[in-house]
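Right, one structure below, let's go through it.
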Amino acid sequence: MNINRWIRDIADFPKPGIDFKDLTPLMGDAEGFAAAIGQLVDPFRGHGITRICGIEARGFIFGAAAALALGCGLVPLRKPGKLPGARIGVEYALEYGNDRLEMHADALRAGERVLIVDDVLATGGTLAAAVDLVAQGGGEIVGAAVVIELAALKGRSRWSRASPLHSVVVYD
Ligand code: AMP
């Protein structure tokens, strides 16, 4: 099933020049959302994933559903100041601004098999930060899955790993 029909472009959000990929119509449609989650996780079935690391905030929505689909746990990678326990963190640059991702220091056990999940791959800075964070936390990165890849922004070029970076929909 083609999930494109549930993806909406919003021009100039959150600032001029950004063509924002709005996934709320996709989340809001039972058939579309189920298809998106199936297509997001299918390449990783049978790979022994023990945790999904979902990136704040839309990565929580897709990551939580993906965790249920794969029968594994969810670890939130959060913006600063949100996690209550002892944390580790990584600074990174966004398509629009700068940010930092944090994870509970004890969230992963050594050798945990991790799939990183986010909604959109743009410049790849967020995903690169998530990779650093998960590696710092002792996780083995089995791959990453995003709903949308914005190929023109070349985020994939920052993925230097042998493990797969899977995107459901690619926009040129
Ligand atoms: P980047 O670090 O540049 O790959 O940006 C990826 C992060 O920013 C993802 O967590 C997305 O939620 C968000 N993002 C970046 N660009 C867009 C866009 N055009 N539409 C929707 N979300 C975006």
Subtracting the Cα-Cα distance from 0.36 nm times the residue separation, let me have the gained length for Ala152 to Thr24 in nm, one decimal.
43.8 nm
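For Asp9 and Lys82 in one chain, what is 0.36 nm times their gap in residues minus the Cα-Cα distance, to one decimal in nm?
Here the answer is 23.4 nm.
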Can you figure out the FRET efficiency of Ala64 with Met1, using R₀ = 25 Å and their beta-carbon distance, to the nearest 0.05?
0.75
Could you give P(r) for the range 133-172, binned at 10 Å from zero, as whole percent values over all Cα-Cα pairs?
27, 51, 20, 2
Taking protein heavy atoms only, a 1.4 Å probe, and rounding to whole percent, the accessible area of the range 47-167 owed to carbon and sulfur comes out at 51 percent
Whole number in Å², please: accessible area per residue of the range 1-146, 1.4 Å probe, ligands, DNA and RNA not counted.
44 Å²
For the range 1-98, state what percent of all Cα-Cα pairs lands in each successive 5 Å bin, counting from 0 Å until the bin that includes the largest distance.
3, 11, 17, 19, 18, 17, 11, 3, 0
The range 1-48 - Kirkwood radius from inverse mean 1/r over Cα pairs (Å):
12.1 Å
Project the alpha carbons of the range 94-172 onto their principal axes and report the range along each, largest first, in whole Å.
38, 26, 19
Cα-based Rg and Dmax for the chain, where Dmax is the largest Cα-Cα distance (Å):
15.2, 43
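The values are calculated or read from the model by the stated rules, or taken from the named source; none is laboratory data. Everything quoted here is computed from the prediction, not taken from an experiment. Here Cβ is always computed from backbone atoms with ideal geometry, including for glycine, and neighbour counts include all displayed protein chains. Quick note on the areas: whole protein, heavy atoms, side chains included, nothing else; ligands and nucleic acids left out. Shrake-Rupley method; radii C 1.70, N 1.55, O 1.52, S 1.80 Å.
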